[in-house]
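The values are calculated or read from the model by the stated rules, or taken from the named source; none is laboratory data. Computed from a predicted structure; not experimentally measured. Reconstructed Cβ throughout: ideal geometry from the backbone, glycine too, with neighbour counts over all protein chains shown. Accessible surface areas use protein heavy atoms only, side chains included; no ligands, DNA or RNA. Shrake-Rupley method; radii C 1.70, N 1.55, O 1.52, S 1.80 Å.
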Amino acid sequence: MDHSKAPVLEALQAFHERGYLSFTPPGHRQGRGVDPRVLDVVGEAVFASDVISLNGLDDRRMSQGVIQHAQELMADAVHAEHAFFSTCGSSLSVKSAMLSVAGPHEKLIVPRHAHKSVVSGLILSGVAPVWVSPHWDAERHLAHPPGPDQVRELFEAEPEAKGMLLVTPTDYGTCGDIRAVAAVCHEFGKPLIVDEAWGAHLPFHPDLPPWGMDADADVVVTSVHKSGSAVEQSSVFHLQGDLVDPAVLKAREDLLGTTSPTSLVYATLDGWRRQMVEHGEDLLTAVLALARTTRAAIDGLPGLAVMGDAEFTGPGLAQSLDPLKIVVDVSGLGISGYQAADWLREHRRVTVGLSDHRRVVAQFTYADDERTATALLDALEALVRAADGLPTPKPVDLPSPDELQLETAMLPRDAFFAQVEQVDVGQAVGRVSAEMITPYPPGAPAVLPGEVITEEVLDYLRSGLAAGMQLPDPGDPELKSVRVVVRER
């Protein structure tokens with residue numbers, strides 16, 4: 001295939017050059033109707049490039065195949081048989097993938113550290129999860145992707161399970177052994193879905209962890225907006241093999257997706273694919289070198305420790321690590337990751353993607369250079385100097401891995417749509433949750449609909465909230481009360 005082509009971008013350019021006058025959405029008419037005060041902030045080019053596909057980028061019959069051609073080029077670029085663009089982020093893509101493998105009341109093996117979007121998919125679909133425990137690092141309070149032996153045990157115990165979903169990389173950059181897990185799934189004739197939202201860049205450099213399609217996964221979901229050069233909500237799901245029907249996968253995406261996709265997502269996905277095929281390895285080589293030197297420099301700062309292979313990989317931990325995720329343990333400064341993230345934003349105008357009770361995570365992409373790396377290093381040096389002046393962090397009551405494994409009393413869907421009541425947090429212990437309660441980021445729920453609430457997990461969440469944790473899901477964001485299923489009389 002000719003990867004110098006970018007069908008969506010070329011169609012958008014033709015739309016501008018030919019001077020089409022549209023009497024279709026979007027109503028702003030390529031920016032002509034936008035409030036000038038909005039244009040002053042956002043810019044005219046954003047609206048000029050906001051064009052619908054039908055009778056916009058393409059004709060009434062979509063006969064030019066603009067989107068289809070762009071998706072075929074994407075599939076070829078990453079060694080997949082099919083690729084589908086999604087304009088609602090990987091939150092939608094992973095739901096579509098799950099629905100293509102299992103339906104209502106059917107079983108799917110799912111790791112308990114999965115993102116809240118996976119749980120939303122369970123609620124929407126009525127799929128019954130068969131939970132597989134991640135590799136827990138109790139000392140560091142981290143979860144890594146599960147291994148093939150755990151998967152084999154579950155398929156033997158639950159032979160009716162329709163397939164498995166694996167989350168890798170994690171928000172901390174730790175990666176599972178996709179090839180080994182895929183081999184177990186295929187031994188049982190079942191497909192493997194990989195939620196690889198943080199791994200869109202992995203196909204384009206040999207020194208990065210294995211990419212799902214190259215490691216024999218059947219469906220792989222990526223968020224190009226996370227580690228690539230596409231706008232927010234830009235996602236792709238990829239397919240190979242004969243265990244998942246591409247027509248079924250597309251139909252499930254149509255069921256959940258918007259009928260008004262934005263050309264901004266399509267165009268930037270298309271352009272990113274071309275950029276990575278032509279220049280990806282060189283761009284990633286440069287940022288990998290930059291990440292190495294930056295990691296070493298940060299690790300040399302007093303009170304800071306950069307976590308890497310020694311802490312994350314090995315037996316019972318992760319298989320590999322994305323070196324572009326720079327995980328910095330700040331506990332040596334006597335502060336929490338929440339405090340560090342807030343201080344960096346307020347005092348140095350530097351933001352990090354993840355913070356927890358003892359760590360912050362800075363993600364590098366090939367958009368970073370010496371200037372941005374130096375700014376991060378300078379900000380962390382300033383944090384080291386300022387740390388003594390920060391208040392003592394409030395303690396977080398961290399549960400053990402066993403205490404995080406809650407009893408499942410109902411299907412997530414059944415609990416979510418059950419008759420519910422809001423009870424005081426002191427009365428919630430022993431009740432069945434009707435809502436998700438999710439520390440965010442990373443977005444892996446501590447409590448799911450259908451799980452029995454325990455005192456240990458409530459203590460963890462409430463102490464975490466007081467220490468700076470964010471809980472966007474519960475109906476009561478202060479967690480003074482909890483939504484639970486009404487008990488039968």
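Give the carbon-plus-sulfur fraction of the accessible surface of the chain in %, rounded to a whole number; probe 1.4 Å, heavy atoms of protein chains only.
Heavy-atom surface of the chain belonging to carbon and sulfur, 1.4 Å probe: 50 percent.
Please tell me which of these pairs span more than 19 angstrom C-alpha to C-alpha: K95/K162; K5/K226; K116/K226; K107/K190; K95/K116?
Checking Cα-Cα distances, K5/K226 exceed 19 Å.
Please state the shape class of region 1-147: rounded when a/c is under 1.5, otherwise prolate if a/b exceeds b/c and oblate if not, all from the C-alpha gyration tensor.
Prolate, because a/c is 1.5 or more and a/b exceeds b/c.
I'd like the Karplus ³J(HN,Hα) series for region 413-428: coefficients 6.51, -1.76, 1.60, θ = phi - 60°, whole numbers in Hz, and an x wherever there's a Gly or Pro.
Each residue's phi maps through the Karplus curve to give 5, 4, 6, 5, 9, 6, 5, 10, 8, 9, 10, 4, 4, x, 9, 7 Hz.
Counting only other residues whose beta carbon sits under 12 Å from that of L264, what net charge do I get with K and R as +1, D and E as -1?
Residues near L264 contribute -3 overall.
What is the Cα centroid distance between region 15-47 and region 151-165, reported in whole angstrom?
First find each Cα centre; the distance between them is then 51 Å.
Go through 79-91, 414-426 and give me the packing order, highest mean Cβ count within 10 Å leading.
Going by the mean number of other Cβ atoms within 10 Å, highest first, we get 79-91, 414-426.
With θ taken as phi - 60° and the coefficients 6.51, -1.76 and 1.60, list the Karplus ³J(HN,Hα) couplings across region 390-406 in order, rounded to whole Hz; mark glycine and proline as x.
8, x, 4, x, 6, x, 10, 7, 7, x, 6, x, 5, 6, 7, 8, 7
Between region 428-473 and region 242-258, how many Å separate their Cα centres?
Their Cα centres are 32 Å away from one another.
Show me, bin by bin at 10 Å from 0, the whole-percent P(r) of region 133-218 based on Cα pairs.
P(r) for region 133-218, in whole percents per bin: 18, 49, 29, 5.
Using alpha carbon coordinates only, what is the Rg to Rh ratio of region 203-317, with Rh defined as the Kirkwood radius?
1.06
Hey, what number do you get for the chain at 222 nm if only DSSP H runs of n ≥ 4 count, each worth -39500 (n - 2.57), divided across all residues, to the nearest 500?
-11500 deg cm²/dmol
Non-local amide H neighbours of V130 (under 5 Å, H modeled in plane, Pro and chain starts lacking H): which ones?
L108, I109, V110
Using the crude model of +1 on Lys and Arg Cβ and -1 on Asp and Glu Cβ, and no other charge, please compute the dipole size for the chain relative to its Cα centre, in debye to 20.
Charge dipole, the chain, about its Cα centre: 1140 debye, nearest 20.
Quick one: net charge around G65, please, counting Lys, Arg +1 and Asp, Glu -1 for every other residue with C-beta under 11 Å from its C-beta.
-2
If we restrict to alpha carbons, what Rg and Dmax does region 337-397 come to, in Å?
When restricted to Cα atoms, region 337-397 yields Rg and Dmax of 12.3, 39 Å.
Hey, can you grab everything whose amide H is under 5 Å from the amide H of S320? Only 5+ residues off in sequence or another chain; H modelled, so Pro and N-termini drop out.
Here the answer is C175, since their amide H atoms fall under 5 Å of that of S320.
Treating each Cα of the chain as an identical point scatterer and ignoring solvent, apply the Debye formula and state log10 I(q)/I(0) at q = 0.06, 0.09, 0.13 Å⁻¹.
With one equal scatterer per Cα and no solvent, log10 I(q)/I(0) is -0.29, -0.67, -1.34.
Residues of the chain: accessible area per residue at 1.4 Å, in Å²?
Ligands and nucleic acids excluded, the result is 43 Å² per residue.
Taking H placed 1.01 Å from N in the peptide plane, check which residues at least 5 places from L166 or on another chain put their amide H under 5 Å from its amide H.
When sequence neighbours closer than 5 places are left aside, the close amide H contacts are I193, V194, D195.
Please list, in order along region 39-45, the HN-Hα scalar couplings obtained from phi with the Karplus expression 6.51 cos²θ - 1.76 cosθ + 1.60 (θ = phi - 60°), rounded to whole Hz, x for Gly and Pro.
Result, rounded to whole Hz: 4, 4, 8, 8, x, 6, 4.
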